[in-house]
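Please treat every number below as a calculation from the coordinates, not as lab data. In this text the structure is predicted, and so the values were computed from the model without any measurement. Please note: Cβ atoms are built from the backbone with ideal geometry, for glycine as well, and neighbour counts cover all protein chains shown.
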Amino acid sequence: MTNALAIDPLTLSAILVMALTTYATRVGGLFLRARRAPSAATQSALDAIPPAVLIAVVAPTMLATGWPETIAAALTAVAATRLPLVATVAFGAACVVALRMIFAG
């Protein structure tokens, strides 16, 4: 009988390599930033990365699940330009609930 909690050595090594790579990129970024301040254009590009990644993760789900979720995502995106984060999350959740109730019947 094999142990259900045994870890394949290849899987463990892949996890360790990914962890070290992630750590190296983070530390490397800190060292680069400490040595040289980014230009205004570079800083602008770096500031655009988090929203772009968020949209890349959210957009497929937003568009593939149904009309209530798609409409709620659009309304939440508009609300995010005016509301703080916690209020935006609450607004988005309320929109999904309300629109699911409306579209359900």
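This ranking places PHE31, PHE103 by how few other beta-carbon atoms lie within 10 Å of each, fewest first, which gives PHE31, PHE103. Please label the shape of the chain as rounded, prolate or oblate, based on the square roots a ≥ b ≥ c of the eigenvalues of the alpha-carbon gyration tensor (a/c under 1.5 means rounded; beyond that, a/b larger than b/c means prolate, else oblate). Oblate, since a/c reaches 1.5 and b/c is not below a/b.
Using a Förster distance of 35 angstrom, determine the FRET efficiency expected from the C-beta separation of ALA77 and LEU5, and round it to 0.05. Efficiency at R0 = 35 Å is approximately 0.20. Let me test this: with uniform point scatterers at the alpha carbons of the stretch 12-70, what is the Debye-based log₁₀ I(q)/I(0) at q = 0.17, 0.20, 0.26 1/Å? Log-scaled intensity ratios, in q order: -0.82, -0.89, -1.01.
Going by neighbour counts of Cβ atoms within 10 Å, the residues VAL96, VAL17 line up, fewest first, as VAL17, VAL96.
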